[in-house]
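The structure appears right after this line, and notes come after that.
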Amino acid sequence: MLSGKGGTGKTTITASFAELAHDIVIADCDVDAPDLHMLLHPEIMKTQEFKGPKLAVIDRTKCIECGLCQNSCRFGAINANLKIDPFSCEGCGVCVIVCPEEAITLQERISGYAFISKTKYGTMSHARLNPGEANSGKLVTLVRQNARQIAEKEICNLILIDGPPGIGCPVIASVTGVDAGLIVTEATMSGIHDLHRALQLLNHFKISPLVCINKYDINRENTEKIVSFCENNKVYVVGRIPFDPIVTEAMVAGKTVVKHSPENVVSQEIENTWKRVLSALNKE
Amino acid sequence: MIISIASGKGGTGKTSVAVNMALSFKDVQLLDCDVEEPNAYLLLQPKIDETKPVYISIPLVDEELCDHCGRCSEFCEFNALFVTPEKVLFFPELCHSCGGCMIVCPKNAITEKNLEIGLIKKGVVEGIELVYGELNVGEPMAVPVIKEVKKQIKSNKTVIIDSPPGASCPVIESVLGSDYCILVSEPTPFGLHDLKIMIQVLGELNIPFGVIINRAGIGDRKIYDFCEEKGVRIILEIPFQRKIAELYSSGIPFVVEMPEWKRKFQLLMEDIKGV
C-alpha cells in the first residue's frame with residue numbers, strides 16, 4: 001500500500017483489508033510515523049534493537065584540534081568547536097580516517113526497535129524509528145525481512161504492507177520485490193500529481209500497479225480524470241471510496257471501519273475493493 | 001525569520017497552511033522541501049524562471065589503476081562498493097557521497113563524478129518567491145535535494161518552509177535552522193500520535209513551535225487535552241468545512257475564495273514573530 005501523498009487513507013484501508021483477509025502477515029513499514037497499531041492493537045511478542053547509522057565520537061583527551069575532521073566532513077556535522085552534531089552525522093567514518101591522532105571512533109547507536117506482534121488478524125511485523133533518526137529505509141528492510149520469515153514459518157502466502165508516504169528511500173525499501181502495489185490516492189490536484197509519481201516509481205521497479213480512489217466524491221471531475229488516466233495507461237482502478245465521517249469515528253473508536261460500521265457504504269466499498277485486489281493478485 | 005511547517009502524519013494540511021500563509025503575507029520566500037511529492041506549486045501555479053539540476057558525487061573507479069585490494073568496500077559503511085577479484089561493483093543508490101573511498105584507496109584509482117538526482121525550480125507568483133525541489137523518481141535520497149533548496153534561502157526575507165511528512169532525515173533537514181516550527185495536526189488519534197513524535201523531534205532540535213489544528217470539529221478532543229496538559233500552544237484552528245476541502249481538491253488556496261482568512265494568517269505571523 002502506497003500513496004505518494006500522505007494522508008490519503010493508506011492505513012485506514014490497510015487495517016480494513018487486514019480485517020477482511022485470511023491467513024496474512026501484516027507489516028507496517030511507515031516506521032517514522034506508524035499508525036496501524038492504533039487500529040490493529042498488536043500484542044508485542046518480540047522486540048529487536050535496530051542499529052542505524054553509526055555516530056562519530058571524538059576523544060577530547062587525544063584530540064589536538066587540528067580541524068582536519070571538520071574540513072573533511074561533507075555533512076557539516078562537525079562545528080568550529082569540533083563538536084559533532086548527531087543529527088547531521090551520517091556515520092560514514094571519513095573523520096576517523098583523516099584524524100592523525102586516532103582520536104575519533106564510530107560508535108553504534110540504537111536508532112529504533114523492530115517488533116513482532118500478535119494481532120487478531122495475523123502476525124504483525126512493525127517498528128518504531130526513534131524520532132529524528134536516519135536510515136528509515138534500512139529499518140523498513142528489517143520489517144520486511146521479519147514479515148517474510150513469519151510468512152514462511154506460518155505458511156502464509158500473503159503479506160500486506162502499509163507503506164510510508166513519498167517516493168524516497170523508505171518507500172523504495174517498502175516496494176522492492178512486491179507482487180503488486182496498491183496506490184491509495186484522493187480526488188485532489190495534489191493526489192493526482194502524487195499518483196503520477198507513485199505510478200512512475202512502480203513502473204521503474206517493474207511492479208504491477210493497482211489504484212484506489214479515496215474520498216472520490218470530494219471532486220468527481222478529478223475522479224474522472226484519474227479513471228481515464230488509468231484506463232489510458234492500462235492501470236486497474238480497484239476501488240472508489242466515498243468521503244464519510246464514519247472513517248474518523250472508527251479511528252477514534254480504535255477500530256477498523258469495516259468492523260465499526262459494516263453496513264456503511266465506505267465499508268462495503270472497501271470490501272469490494274479487497275475482492276478486486278484479490279482477483280487481480282490471482283491473475284498475476 | 002525562518003518558519004517551517006511540519007506534521008509527522010501526512011495529509012494534515014501542511015502545504016495548504018504554507019501556501020495560504022504565504023498568500024496572506026506576500027513578499028515572502030516559500031520553500032517546498034517535500035521534494036518527493038512537491039505540491040505547493042500546484043496551488044500557486046508560478047511561471048518557472050529557473051531550473052537547475054541537483055547532483056551528488058559518486059565514485060568513479062579506474063579499473064586500470066585498481067588492484068582490487070578491497071579497502072574501499074571495507075571502509076564503506078553503506079555497502080555501496082563490493083570488490084571482486086576482477087571488478088569493483090558500485091551501487092549508487094546506497095552511496096552517501098562521503099568521499100571516504102577516494103581517501104582510503106592506496107592506488108588513487110578512485111575519482112568522483114556527478115550523478116543527477118533531481119531538480120530545483122524557482123518562480124515568482126503574487127509577490128511570493130517559490131523554490132521547490134523535485135527528486136527524480138527511483139532515486140532514494142531526498143536530503144541532498146532538500147539541502148539545495150535550502151541554499152536558496154534569502155536571509156533578509158521571511159521564509160516559509162513546507163516540510164515533508166514523517167519524522168526522519170528529510171524532515172530534520174527541512175526544519176533544521178528554523179526560528180519557529182508550525183506543527184499542523186488534526187484532532188484524530190493518528191494526528192495526535194504523530195504530533196507527539198514531532199514534538200519530541202523539535203524538543204531535541206531546540207526549535208520553538210506551536211500547533212495548528214486543521215479540520216477542527218472532526219474526531220475527538222484528545223489533542224486539545226494533550227496540548228493543555230503539556231503546555232503546548234494551539235496557535236490556530238481551521239475548522240473542517242467541505243468548502244475548504246473542495247477548494248483544495250481543485251488546487252485553489254482557500255484564502256483566495258475566503259479572504260477573511262488572510263487577516264487570521266497575518267495575525268498568526270505577528271504572533272509568531274513575537275515569540
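The values are calculated or read from the model by the stated rules, or taken from the named source; none is laboratory data. Model, not experiment: these values are computed from the prediction. Cβ placement follows ideal geometry from the backbone for every residue including glycine, while neighbour counts extend to all protein chains displayed.
Let's see how each residue does on (1) within 22 Å of A:I97 (Cα to Cα); (2) in a strand (DSSP E or B); (3) in contact with a Cys (Cβ under 6 Å, 6 or more places away or on another chain):
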| residue | (1), (2), (3) |
| --- | --- |
| B:G11 | no, no, no |
| B:V17 | no, no, no |
| B:I58 | yes, yes, yes |
| B:D67 | yes, no, no |
| B:S73 | yes, no, no |
| B:F78 | yes, no, no |
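Within the set A:A180, A:A151, A:A198, the sole residue that is within 12 Å of chain B (Cβ to nearest Cβ) and of a type in the set (G, A, S) turns out to be A:A198. Among strands (runs of 3 or more DSSP E) entirely within segment A:87-179, having at least 1 residues that are at pLDDT 95 or above and more than 30 Å from A:S72 (Cβ to Cβ) singles out A:110-119, A:122-129, A:159-162.
On the stretch given as segment A:1-55, residues that are closer than 27 Å to A:R109 by Cα, of a type in the set (D, E), part of a loop (DSSP other than H, G, I, E, B) and away from chain B (no Cβ under 12 Å) total 0. Taken across segment B:254-274, residues that are crowded, with 19+ Cβ neighbours inside 10 Å, in a loop (DSSP other than H, G, I, E, B) and within 14 Å of chain A (Cβ to nearest Cβ) do not occur at all. Sub-7 Å Cβ pairs linking a first residue in segment A:30-51 that is within 16 Å of A:K259 (Cα to Cα) to a second residue that is in a strand (DSSP E or B) and of a type in the set (S, T, N, Q), at least 6 apart or interchain, are A:L40/A:T119; A:H41/A:T119, ordered by first then second residue.
For segment A:230-258, filtering for residues that are closer than 19 Å to A:V277 by Cβ, within 14 Å of chain B (Cβ to nearest Cβ) and buried (at least 19 other Cβ atoms within 10 Å of the Cβ) leaves 3. Kindly check whether there is at least one residue in segment B:220-230 that is closer than 18 Å to B:M21 by Cα and surrounded by fewer than 19 Cβ atoms within 10 Å (Cβ to Cβ). No, because not a single residue in segment B:220-230 is closer than 18 Å to B:M21 by Cα and surrounded by fewer than 19 Cβ atoms within 10 Å (Cβ to Cβ). Look at segment A:84-103 and say how many of its residues are touching a residue at least 40 places away in the same chain (Cβ under 8 Å), surrounded by 21 or more Cβ atoms within 10 Å (Cβ to Cβ) and on the phi > 0 side of the Ramachandran plot. Here the count works out to 0.
Pick from segment A:177-192 the residues that are surrounded by fewer than 19 Cβ atoms within 10 Å (Cβ to Cβ) and in contact with an Asp or Glu (Cβ under 9 Å, 6 or more places away or on another chain): which of them is farthest from B:G11 (Cα to Cα)? Ranking the candidates gives A:D179 first.
Is it fair to say B:L42 is within 22 Å of the chain's Cα centre (by Cα), in a strand (DSSP E or B), within 29 Å of B:A167 (Cβ to Cβ) and touching a residue at least 12 places away in the same chain (Cβ under 8 Å)? Against the criterion (within 22 Å of the chain's Cα centre (by Cα), in a strand (DSSP E or B), within 29 Å of B:A167 (Cβ to Cβ) and touching a residue at least 12 places away in the same chain (Cβ under 8 Å)), B:L42 does not qualify.
The listed residues are B:V137, B:V143, and the only one of them that is within 29 Å of A:K206 (Cβ to Cβ), without any contact (Cβ under 8 Å) to a residue 40 or more places away in the chain, under 9 Å from the mean Cα position of the chain (by Cα) and within 12 Å of chain A (Cβ to nearest Cβ) turns out to be B:V143. Residue check: is B:K230 within 14 Å of chain A (Cβ to nearest Cβ), more than 23 Å from the chain's Cα centre (by Cα) and basic (K, R)? Answer is no for this residue.
Please verify whether segment A:256-266 includes one or more residues that are in contact with a strand residue (DSSP E or B) (Cβ under 9 Å, 6 or more places away or on another chain) and at pLDDT 95 or above. Checked against the condition, which is being in contact with a strand residue (DSSP E or B) (Cβ under 9 Å, 6 or more places away or on another chain) and at pLDDT 95 or above, segment A:256-266 yields at least one hit. If you check A:T223, A:T248, A:T185 for being part of a strand (DSSP E or B) and either closer than 30 Å to B:I244 by Cβ or in contact with a His (Cβ under 6 Å, 6 or more places away or on another chain) (or both), only one passes: A:T185.
Exactly one residue out of B:G123, B:G118, B:G99 is away from chain A (no Cβ under 13 Å) and among the small types (G, A, S), and it is B:G123.
Only one of B:S168, B:S155 is closer than 20 Å to A:E133 by Cβ and hydroxyl-bearing (S, T, Y); which? The match here is B:S168.
Any residue in segment B:29-39 that is surrounded by fewer than 24 Cβ atoms within 10 Å (Cβ to Cβ) and in contact (Cβ under 8 Å) with a residue 24 or more places away in the chain? There is at least one residue in segment B:29-39 that is surrounded by fewer than 24 Cβ atoms within 10 Å (Cβ to Cβ) and in contact (Cβ under 8 Å) with a residue 24 or more places away in the chain.
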